[in-house]
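Written below as structure tokens is the structure these notes are about.
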């Protein structure tokens, strides 16, 4: 990536972050909640894209880290009594540490087996979460009011703080990814995206790169899982380790937005939320349209909305 | 005396299939050595075994006296053995310049690590790449793509360059140009191992050769002394 391109990306990211950053001063709680959801979706999708779009690691069990992060946050705040603002950043090393054994098991599996293995591991974690004493069993447990109130005594204050947390973390994740792509490992990552075998043949340490990506992904998913818990105000196996919200919709977002591009998950999240807001009342039809759109994208424009925009802007430039 | 790169009694299996059997070859600084053989003779398997892409079942790969057998490809490249892979393997989403710089990055080198290989030197060697440095690597002609692949390998600052079928699909004049450049590099002390199906080309540019047949070395010697009939027998396993 050229330096100019990197600086332009950085500039846009900071401007957009700045605009969203002042929004809580003007909008109502419902809008803030909606946008917080939007940020979390982008953050989770960026991390899935980092794995699949660059590292060629297709996991369908990344909701494992979201759930584990949520449970770890509950354990730290409610059981160990650690301050919530300290517990949140601690979710990062927790997720990274959890990613080590998870990857050690999964890395022995290839492609489809890896994907299925990741899913099975996540389901096992879901079941285990319902069995650990002190976490409310299968129905889960609420965060205590004192912990919730650390983030603001009124709903408005709390919502703004969670909004800023989600925005800040997602911007940080995007920043981390564009810095990674700009770094010494950036070309290796893009080469792996193009052709992993060829990248290995010319000397890319594909094992190191994959471990690094998996650790980053696990670490930040765990943090996002903890922040998601602040929105829901409770942990439960079914909601915290939710495959539909934590993985399936995320795959949709990345595929439709454009896999292997940083802008992809952002576009995908916008498309997803527009569809959700307009169609979710129609029940099964909504899911059928989501699925159909994902398959159509893979068949017609595998680079997703990002690829489509790229093609259109090229045409306009050539015409001009 | 230790050889720069020495392959000792190397045997390689793919499952039950025996791809290489008791291969012994060596290469010194400042020479071009050719490995010739027909399709399926085991030439590419030999490169894969040396670079760690296919772990050998027995035998060893020694580089400057250091045992590199079963090392990862990335460590082999960092040690000083670079590959120009078969089919060139240019990365389409990277520009010409990024494809070249990737070599430096994978070897863990930076602008300031004192490697004799810089972009300027590459562009001196292949001026056409400088003109096209912003294009996508795959937009270039076959010969130019081969120059990118060689440049990418050189940017790792290798002592030994392994070239897998670099003449494949290229016009004779382009092949000559590429080999002329390799000869210049060899004069500066680089060791080049070329793997070729094109027997006459390989013999004309190399100082020594190994001929492979069915995973074994069937003949070897000085390229200038090679008796064409004997080489053809060793190449095809029969007279033609």
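Since every read-out is calculated from the coordinates, none of them should be taken as a lab result. Everything numeric here is computed off the predicted structure, so don't read it as measured data. Glycine also receives a Cβ, built like all others from the backbone with ideal geometry; neighbour counts cover every protein chain displayed.
Taking the centroid of alpha carbons for each part, segment A:65-97 and segment B:6-79 are 49 Å apart. The label point for residue B:124 and the one for residue A:196, both projected 7 Å from the Cα toward the Cβ, are 4.0 nm apart. The stretch between residue A:281 and residue A:100 holds 61.1 nm of extra length on full extension. This uses 0.36 nm per residue minus the Cα-Cα distance. Here segment B:71-115 is scanned for amide nitrogen atoms under 19 Å from the site 7 Å beyond the Cα of residue A:6 along Cα-to-Cβ, giving B:93-114. Classification of segment A:3-241 by its C-alpha gyration tensor yields an oblate form. The axis ratio a/c (a ≥ b ≥ c) is 1.5 or more, and b/c is at least a/b. Remark: relative contact order (chain B) = 28 percent; criterion is Cα-Cα distance under 8 angstrom and separation of 6 or more residues. The mean sequence separation of alpha-carbon pairs under 8 Å and at least six residues apart, normalised by the residue count of segment A:243-320, gives a relative contact order of 34 percent. Among A:248, A:155, B:23, the order by Cβ neighbours within 10 angstrom, fewest to most, reads A:155, A:248, B:23.
Mind running the shape call on segment B:1-118? Use the C-alpha gyration tensor, a ≥ b ≥ c as the square roots of the eigenvalues: rounded below 1.5 for a/c, prolate if a/b tops b/c, oblate otherwise. Note, shape of segment B:1-118 comes out prolate. Remark: relative contact order (segment A:3-241) = 41 percent; criterion is Cα-Cα distance under 8 angstrom and separation of 6 or more residues. Each of residue B:177 and residue A:112 was given a label point 7 Å from its Cα along the Cα-to-Cβ line. The distance between the two points is 4.6 nm.
Find the centroid of the Cα atoms in segment A:98-139 and in segment A:161-200, then give the distance between the two in whole Å. Taking the Cα centre of segment A:161-200 as reference, the centre of segment A:98-139 is 24 Å away.
Site pair residue A:318 and residue A:149 shows an inter-label distance of 6.4 nm when each label is modelled 7 Å from Cα along Cα→Cβ. Considering only A:100, A:22, A:266, the Gaussian network model of chain A with Cα springs below 10 Å gives its largest mean-square fluctuation to A:22. Output the 0 to 90 degree angle, nearest 10, between the alpha-carbon long axis of helix B:172-187 and the longest principal axis computed from the alpha carbons of chain B. Tilt of helix B:172-187: around 90 degrees. Rounded to the nearest 0.05, what FRET efficiency do residue A:33 and residue A:79 have when you use their Cβ-Cβ distance and R0 = 22 Å? Result of the calculation: an efficiency of 0.20. The alpha carbon centroids of segment B:156-173 and segment B:190-234 are separated by 16 Å. Per residue of B:64-75, other chain Cβ atoms within 10 Å of the residue Cβ number 2 on average.
Exposure proxy ranking for A:263, A:253, based on other Cβ atoms within 10 angstrom of each Cβ and starting from the fewest, stands as A:263, A:253. Here B:163, B:8 are placed in order of increasing Cβ neighbour count within 10 Å, fewest first, which gives B:8, B:163.
The fraction of Cα-Cα pairs per 5 angstrom bin, counted from 0 for segment A:102-143, comes to 6, 23, 21, 15, 12, 12, 10, 3 percent, rounded to whole percents. Go ahead and set up a Gaussian network model of chain A, Cα springs under 10 Å, then flag whichever of A:112, A:72, A:52 fluctuates most. Of A:112, A:72, A:52, the most mobile in the Gaussian network model is A:112. For chain A, the longest principal axis of the C-alpha atoms and the axis of helix A:29-49 are separated by about 50°.
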